[in-house]
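Undergrad: Got a structure for you, written out below as structure tokens; questions coming shortly.
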């Protein structure tokens with residue numbers, strides 16, 4: 001189980017707890033709250049992609065081409081830039097906060113390379129004169145599944161490192177304000 005393995009690796013990290021806060025009557029806001037909200041929004045759209053892929057076989061050829069182009073457009077416009085931002089800003093923050101020698105971001109970075117290849121494959125299929133709608137749908141559904149699992153690992157393993165070691169203001173300054181998407 002990947003998540004369990006990553007949690008074991010994470011427990012040995014040198015993450016320092018965030019500064020003690022003044023007691024408040026309400027719950028403490030997680031520094032990664034906005035980032036998690038962005039993930040929730042993407043996950044909602046992935047549900048739409050999943051539904052679009054499931055309907056491809058019932059569409060006319062012209063509708064299939066439009067649907068495939070729309071799916072590829074979503075992945076290229078939203079998933080690609082999100083992954084780039086994570087590697088540029090989020091993952092370095094996790095590595096800094098988790099301590100020297102941690103390897104928490106290696107698997108998610110590898111998954112990004114898989115996602116890039118699969119998006120390119122979907123784009124190539126959609127660009128064919130006679131695209132295979134069934135093959136496209138299958139690959140799109142698998143990509144949605146990979147992305148859901150990827151987000152779960154980020155939210156259960158990586159983001160807790162930042163929640164435990166940053167204040168909301170630190171996260172906003174070091175990560176949130178630097179993310180393009």
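Undergrad: Given the structure, is residue 75 buried (at least 17 other Cβ atoms within 10 Å of the Cβ), out of contact with any strand residue (DSSP E or B) (no Cβ under 9 Å at 6 or more places or on another chain), modelled with pLDDT under 95 and part of a helix (DSSP H, G or I)? So that I can check it myself, show each step before the final result.
TA: On the way: buried (at least 17 other Cβ atoms within 10 Å of the Cβ): yes; out of contact with any strand residue (DSSP E or B) (no Cβ under 9 Å at 6 or more places or on another chain): yes; modelled with pLDDT under 95: no; part of a helix (DSSP H, G or I): yes.
It is false that residue 75 is buried (at least 17 other Cβ atoms within 10 Å of the Cβ), out of contact with any strand residue (DSSP E or B) (no Cβ under 9 Å at 6 or more places or on another chain), modelled with pLDDT under 95 and part of a helix (DSSP H, G or I).
Undergrad: Now for a separate question. Take residue 127 and decide whether it is farther than 23 Å from residue 37 by Cβ and surrounded by fewer than 17 Cβ atoms within 10 Å (Cβ to Cβ). Before you say what the answer is, go through the steps one by one.
TA: On the way: farther than 23 Å from residue 37 by Cβ: yes; surrounded by fewer than 17 Cβ atoms within 10 Å (Cβ to Cβ): yes.
The answer is yes for residue 127.
Undergrad: Which of the residues belonging to the stretch 18-48 are modelled with pLDDT under 80 and in contact with a helix residue (DSSP H, G or I) (Cβ under 6 Å, 6 or more places away or on another chain)?
TA: Our first condition is that a residue be modelled with pLDDT under 80; within the stretch 18-48, this holds for 18-28.
18 - this is the single residue of the stretch 18-48 that is modelled with pLDDT under 80 and in contact with a helix residue (DSSP H, G or I) (Cβ under 6 Å, 6 or more places away or on another chain).
Undergrad: Got at least one residue in the stretch 78-86 being in a helix (DSSP H, G or I), more than 17 Å from residue 179 (Cα to Cα) and touching a residue at least 24 places away in the same chain (Cβ under 8 Å)?
TA: If we filter the stretch 78-86 for residues that are in a helix (DSSP H, G or I), which is where we start, we get 78-86.
Checking which are more than 17 Å from residue 179 (Cα to Cα) leaves us with none.
No: zero hits.
Undergrad: From the set of residues in the stretch 131-181 that are part of a loop (DSSP other than H, G, I, E, B) and in contact (Cβ under 8 Å) with a residue 60 or more places away in the chain, which is farthest from residue 38 (Cα to Cα)?
TA: Among residues in the stretch 131-181 that are part of a loop (DSSP other than H, G, I, E, B) and in contact (Cβ under 8 Å) with a residue 60 or more places away in the chain, the one farthest from residue 38 (Cα to Cα) is 131.
Residue by residue, here is whether (1) surrounded by 17 or more Cβ atoms within 10 Å (Cβ to Cβ); (2) within 23 Å of residue 32 (Cα to Cα); (3) free of Cβ contacts under 8 Å to residues at least 40 places away in the same chain; (4) out of contact with any strand residue (DSSP E or B) (no Cβ under 8 Å at 6 or more places or on another chain) holds:
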site	(1), (2), (3), (4)
45	no, yes, yes, yes
55	no, no, yes, yes
63	no, no, yes, yes
66	no, no, yes, yes
70	no, no, yes, yes
90	yes, yes, no, yes
95	yes, yes, yes, yes
98	yes, yes, no, yes
106	no, yes, yes, yes
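The values are calculated or read from the model by the stated rules, or taken from the named source; none is laboratory data. For clarity, every value in this text was computed on a predicted model and none was experimentally measured. Neighbour counts are summed over all protein chains in view; Cβ atoms, including those assigned to glycine, are modelled from backbone coordinates with ideal geometry.
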